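Peer 1: Pasting a structure below so you can have a look.
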Amino acid sequence: MTDIGQDTAARPRADFLHRFSMRDAGTLIGLVVILAVFGALVPGFFAERNLINILQQSSINACLALGMTLVIISGGIDLSVGPTAALSAVISASMLVAGVPFVLAIAAGLAIGLACGLLNGILVAHVGLQPFIVTLGTLSTYRALALIYTGGNPVLGLPPGFRAIFNGSLFGLPMSVIIVAAVALVAWVVLKKTPFGEYLLAVGGNEEAAYIAGVPIARTKIAAYMISGLLAALAAQILIGRLGAAEPILGNLWELDAIAAAAIGGASLMGGKGSVVGTILGAVILGTMRNGLTLMNVQSFYQLLATGLIILAAMLIDRVTRGRG
Amino acid sequence: MPVPRLQFESISKVFPAVRALNDVSFSVGAGEIHGLLGENGAGKSTLLRILSGVYRPTAGSVLIDGRPVTLNNPVAARAAGVAMIHQELQQVPRLSVAQNMFLGHPLTRGGVFVARREQERRAASALAAIDPSIDPAAPLGSLKVAQRQIVEIARALLDRARIVAMDEPTSSLTPSEFERLAQVIAGLARDGVAVVYVSHKLDEVFGICQRATIMRDGVVVDSVDLAKVSEKAVVAMMVGRELAQEQHRSHASGDVRLSVRGLASAAKVRDVSFGLHRGEVLGIAGLVGSGRTELLRLLAGADRASAGTIEIDGKSVKLSSPREAIAAGIGLVPEERKREGIVPLRSISSNMALASMSVFAPRGVIDHTKLKQVASEKMKRVNLRPFLLDRPIRLFSGGNQQKAIIGRWLAAGTRILLFDEPTRGIDVGAKAEIYHLIEELAAEGHSVVVVSSELPEVIRLADRVLVMRDGAVAAELDRASLSEQAIAAHAIPQTKMQAGQTHAGRSAGPQARQ
């Protein structure tokens, strides 16, 4: 064994590199390659408008994927994000249509998300059921609630003032992108710099050891599901603001895109591993693929194929490069 | 001299940046049980992996019965007559004994259907020679660890192995189970099999092996005839220096820090009472299943007590979660480091800070400068090597992982440290360091409880020893009355005394879980 630890005290540059991990760098390279390919194939791909478009199209998935990342790091999974979003959307929307102030309607929608996450979390952490099964069950339950509540009909005619909140732009960027960027920043700080972040990584990395070390296991898991529910509800608000209507079937298969973004970004479904930066890059990769292929007039069948291959390629590269760095 | 059954000839293995084996040569005769000794990282595992076809040597060759063999993969190694019995058994608990013995190459009828009966018949005939009490149709999971080892050996017999390599086969066996296994191994040797036996337990190696090869840092130090060397000399060869025989020194003071009265749990513990003083090291000895680990888990808040009171510094405390126990100043260094101690992917710093996160984040955000400073201080204190605080803990040796866990409790300001088998799976050199550390902690005024199956360890460390039997305290021994015989006499139930006496001097039985 060699002693090479003499200079651990002050290395700011190395420290920065350390924070921007090898894995995230890999995801970034993947994104750059994909951008370069589309840039070469699609005229006008690099136009500012299109790049902003990509960000906007990625923002909803990114929002969900951030919550999903935290849940996955804790060793769980949240399949119920789509129906959670739908339930939050129809309740906010019906309140808005009934003339309830925007702030209250949005707060109620977000509270619904928190409540959905709370139920998931309690069933996982206190009752001890498996996360996959719990959220598979609530996936149907929440969807059913949204359908029953609306009788299966969309809630139409949201007030223009509400729509303006989410459709405006700031510094030339759409509001949705700004909101999700802010969420991502908070998520990054939470994961890297708070005890809760350390607890998430510890609970997912080795629950038994975390327990012996005094980590509040149940509280940590429940918080992760509640954040996931909250972010699903936030995504729902962004979406109904953009569409001006809320459908109870909104958010179908969102969970799969969110899991894909997290996995491409380096989250391990075994728990204990994941990155906010990676997840954002993963969501942008998926958004870029969709945007680029649509611009190339590729049929949606092939778009699906390309998305599938990207996920598999990311996992293969992960497998091959693991154990280094 | 006859041609040796197994011969390693100038084996070298170079990994990127590491030379794991350098010019390793020794031989094992047919019918010989050959010990392979060395500290963690000495190259034993690498050599076994070469023998079992997992790695290819960079240079050198393996000869079986005088002929060089190419062991490119595990299948080739098996075909060449090598059977490997791993420390962590590679078996499927839900499948039957016979299915496990034919795992990967089942007998079939017409190449389609598994010939279950025929498998069970052959499995039974292989088992008959060594342990007829094992039912080939029983699910493997229903067997004890010792019996599972025997199933692995029977599997080697089925494969007509000429060489059997065993990696730490007894790490979780009781003395009588070890005795049984030793007989089976001796039987293998009588049939002309060459056995390579890797173990940390020198007394076992001296007990069953004729010769041994000692490795250090990837080279062979020597191959010795065990009848002609002392254990001490072998240890010196393994470590590369003489380990000083330390004298016990007590630091206990008059103040009672922890007072336990009538403690009981639904699981194992019955009416346990004792006091623990400031600076005292209290040893807890006893057989497997005597309730030692269960007692520690109650004190650490990991399990709930069903009766009894616990006082710390005269104040009654309730310990219904590890969190509460930690707040009360109690920390557990668990037996199974991988399962209960470390978060493998996280750094040394993170693992250390896990129990005291709130201290490092007074305003909600972790002060990484402070964390790094404390980590650096505590890890220097426990002598972490290599001193790389940001490196994932899984990349460190068992001894250094253990040091980081001890550092965790130092950082959390823990005053009562509970050690469950503090040196399990830790090599000889690091063992001495852990002992020193425990003594220093006591000298600084920490109160320490050490549960151990290794009687020399208990005797080396403890100021006082509680002997547990069937969940209760059977005896309390002070230094004056402390001896391996005295502990064994109280640990073993009277009816089993006769049978147990032969092992009294060796060990009170390592502890097996489940």
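The values are calculated or read from the model by the stated rules, or taken from the named source; none is laboratory data. Bear in mind the structure is a predicted one, so any value in this text is a computation, not a measurement. Ideal geometry is used to build each Cβ from the backbone, glycine not excepted, and the neighbour counts take in all protein chains shown. Remember, those area values only see protein heavy atoms, side chains included, never the ligands or the DNA or RNA. Shrake-Rupley method; radii C 1.70, N 1.55, O 1.52, S 1.80 Å.
Peer 1: In Å, what Kirkwood hydrodynamic radius results for the range B:6-239 from the alpha-carbon pair distances?
Peer 2: 18.3 Å
Peer 1: Hey, another quick one. Taking the Cα atoms of chain A alone, what are Rg (to one decimal) and Dmax (as a whole number) in Å?
Peer 2: Using the Cα atoms of chain A, the pair Rg, Dmax is 20.3, 71 Å.
Peer 1: For a protection proxy built on the mean count of beta-carbon atoms within 10 angstrom, sort A:301-311, A:66-76 highest first, please.
Peer 2: The most tightly packed comes first, giving A:66-76, A:301-311.
Peer 1: Counting partner chain Cβ atoms within 10 Å of every residue's Cβ in B:337-350, what's the average?
Peer 2: Counting other chains' Cβ atoms within 10 Å and averaging over B:337-350 gives 5.
Peer 1: Return the long-range amide H neighbours of B:Leu21 (sequence gap of 5 or more, or a different chain), with a cut-off of under 5 Å between placed amide H atoms.
Peer 2: Answer set, sorted by chain and number: B:Lys13.
Peer 1: Still on this structure: I need the Kirkwood Rh of chain B: take the reciprocal of the average 1/r across all distinct C-alpha pairs and report it in angstrom.
Peer 2: 24.8 Å
Peer 1: What are the ³J(HN,Hα) values, in whole Hz, obtained from phi via the Karplus relation 6.51 cos²θ - 1.76 cosθ + 1.60 with θ = phi - 60°, for each residue of the range A:62-76 in sequence order, with x given for Gly and Pro?
Peer 2: 4, 4, 5, 5, 5, x, 4, 4, 5, 5, 5, 4, 6, x, x
Peer 1: Now, a different point. Using the Kirkwood radius over Cα pairs, work out the Stokes-Einstein diffusion coefficient for the range A:82-224 at 37 °C and 0.692 mPa s, in µm²/s as a whole number.
Peer 2: Details: Rh = 17.5 Å.
The estimated diffusion coefficient comes to 188 µm²/s.
Peer 1: Taking beta carbons within 10 Å but only from partner chains, what does the mean come to for residues B:182-189?
Peer 2: 0
Peer 1: Once both axes come from the Cα atoms, what is the angle between helix B:368-381 and the longest principal axis of chain B, in degrees from 0 to 90, rounded to 10?
Peer 2: 70 degrees
Peer 1: Over the protein assembly as shown, what per residue volume does the convex hull of the Cα atoms give, in whole Å³?
Peer 2: Values: hull volume 176.3 nm³, N = 839.
Each residue corresponds to 210 Å³ of Cα convex hull volume.
Peer 1: What fraction of the DSSP beta bridges in the protein assembly as shown is antiparallel, stated in percent and rounded to the nearest 5? Mind showing how you got there, number by number?
Peer 2: Values: 47 of 82 bridges.
Percentage antiparallel, nearest 5: 55.
Peer 1: Would you mind getting the accessible area per residue of chain B, heavy atoms of the protein chains only, 1.4 Å probe, in Å²?
Peer 2: On a per-residue basis, chain B sits at 42 Å².
Peer 1: 5 Å is the cut-off here: which amide hydrogens, built 1.01 Å from N in the peptide plane, fall below it relative to B:Val164, excluding neighbours closer than 5 in sequence?
Peer 2: It is B:Ala83, B:Ala194, B:Val195, B:Val196, by chain and number.
Peer 1: Using a Cα-Cα cut-off of under 16 Å, which aspartates and glutamates could be cross-linked to B:Lys144, ignoring same-chain neighbours fewer than 8 residues away?
Peer 2: Partners found: B:Glu88, B:Asp131, B:Asp135, B:Glu152, B:Glu177, B:Glu179.
Peer 1: Give me the inter-chain shielding for B:392-405: mean count of other chain Cβ atoms within 10 Å, whole number please.
Peer 2: 1
Peer 1: Another question, if that's okay. Just check the range B:272-314 against the gyration tensor rule for me: Cα atoms, a ≥ b ≥ c as the square roots of the eigenvalues, rounded for a/c under 1.5, and otherwise prolate or oblate depending on whether a/b exceeds b/c.
Peer 2: On the way: a/c = 2.04, a/b = 1.16, b/c = 1.76.
In terms of gyration-tensor shape, oblate.
Peer 1: Sort the following peptides by mean Cβ neighbour count (other Cβ atoms within 10 Å, averaged over residues), highest first: B:283-295, A:106-118, B:74-86.
Peer 2: Put in order of decreasing packing, that is B:283-295, A:106-118, B:74-86.
Peer 1: Rounded to the nearest 0.05, what FRET efficiency do B:Ser230 and B:Gln373 give with R0 = 35 Å and r taken as the Cβ-Cβ distance? Could you check?
Peer 2: 0.15
Peer 1: How long are the semi-axes of the equivalent ellipsoid of the range B:376-432, defined as square roots of 5 times the Cα gyration tensor eigenvalues? Whole Å, largest first.
Peer 2: Whole-Å semi-axes of the equivalent ellipsoid: 17, 16, 9.
Peer 1: Viscosity 1.002 mPa s, temperature 20 °C: what is the translational diffusion coefficient of the range B:115-166 from Stokes-Einstein with a Kirkwood Rh over Cα pairs, rounded to a whole number of µm²/s?
Peer 2: For the chosen part, D equals 189 µm²/s.
Peer 1: Let me ask something else. Any idea of the accessible area per residue across chain A, 1.4 Å probe, to the nearest Å²?
Peer 2: Values: 14890 Å² over 325 residues.
About 46 Å² of surface per residue is accessible.
Peer 1: For B:Asp222, list long-range residues whose amide hydrogen, built 1.01 Å from N in the peptide plane, is under 5 Å from its own amide hydrogen.
Peer 2: B:Ile214
Peer 1: While we're on this one: Please report how far the C-alpha centroid of the range A:113-190 lies from that of the range B:426-453, rounded to the nearest whole angstrom.
Peer 2: For the range A:113-190 versus the range B:426-453, the Cα centre distance is 52 Å.
Peer 1: I'd like the interface area for chains B and A: accessible area of each alone minus the complex, both sides summed, 1.4 Å probe, protein heavy atoms only. What is it in Å² to the nearest 100? Walk me through the intermediate numbers first.
Peer 2: Details: alone 23120 and 16260 Å², together 36710 Å².
So the buried area, both faces added, is about 2700 Å².
Peer 1: Out of all Cα-Cα pairs in the range B:1-136, roughly what percent, to the nearest whole number, are more than 26 Å apart?
Peer 2: In whole percent, the long-distance tail amounts to 39.
Peer 1: Under Stokes-Einstein, with the Kirkwood radius over Cα pairs standing in for Rh, what whole-number D in µm²/s applies to the range B:256-503 at 37 °C and 0.692 mPa s? Don't skip to the answer; put the middle values down first.
Peer 2: Details: Rh = 18.5 Å.
Once the numbers are plugged in, D ends up at 177 µm²/s.
Peer 1: Taking a cut-off of 18 Å between Cα atoms, list the aspartates and glutamates near A:Lys221, but don't count ones fewer than 8 places away on the same chain.
Peer 2: A:Asp78, A:Glu198, A:Glu207, A:Glu208
Peer 1: Determine the dipole magnitude for the range B:341-475: charges of +1 sit on the beta-carbon of Lys and Arg, -1 on that of Asp and Glu, nothing else is charged, the reference point is the Cα centre, and the result goes in debye to the nearest 20.
Peer 2: Charge dipole, the range B:341-475, about its Cα centre: 540 debye, nearest 20.
Peer 1: Same structure again: Which residue, chosen from A:Ser228, A:Ala187, A:Ser268, occupies the Cα position most advanced towards the positive end of the dipole of the range A:142-274, where the dipole is computed from +1 (Lys, Arg) and -1 (Asp, Glu) charges on Cβ about the Cα centre?
Peer 2: Toward the positive end, the furthest listed residue is A:Ala187.
Peer 1: For a protection proxy built on the mean count of beta-carbon atoms within 10 angstrom, sort B:62-69, B:37-44, B:102-109 highest first, please.
Peer 2: B:37-44, B:62-69, B:102-109
Peer 1: Could you pull out every one of the lysines with an alpha carbon less than 21 Å from that of B:Lys403, ignoring same-chain neighbours closer than 8 positions?
Peer 2: The reachable lysines, counting only those whose Cα sits under 21 Å from B:Lys403, are B:Lys338, B:Lys370, B:Lys372, B:Lys378, B:Lys380, B:Lys431.
Peer 1: Before rounding to the nearest 500, sum -39500 (n - 2.57) across all DSSP H runs of length at least 4 in the protein assembly as shown and divide by the residue total; then give [θ] at 222 nm in deg cm²/dmol.
Peer 2: For the protein assembly as shown, the value works out to -15000 deg cm²/dmol.
Peer 1: Can you divide the C-alpha Rg of the range B:322-418 by 2.2 N^0.38 Å and report the result to two decimal places?
Peer 2: 0.99
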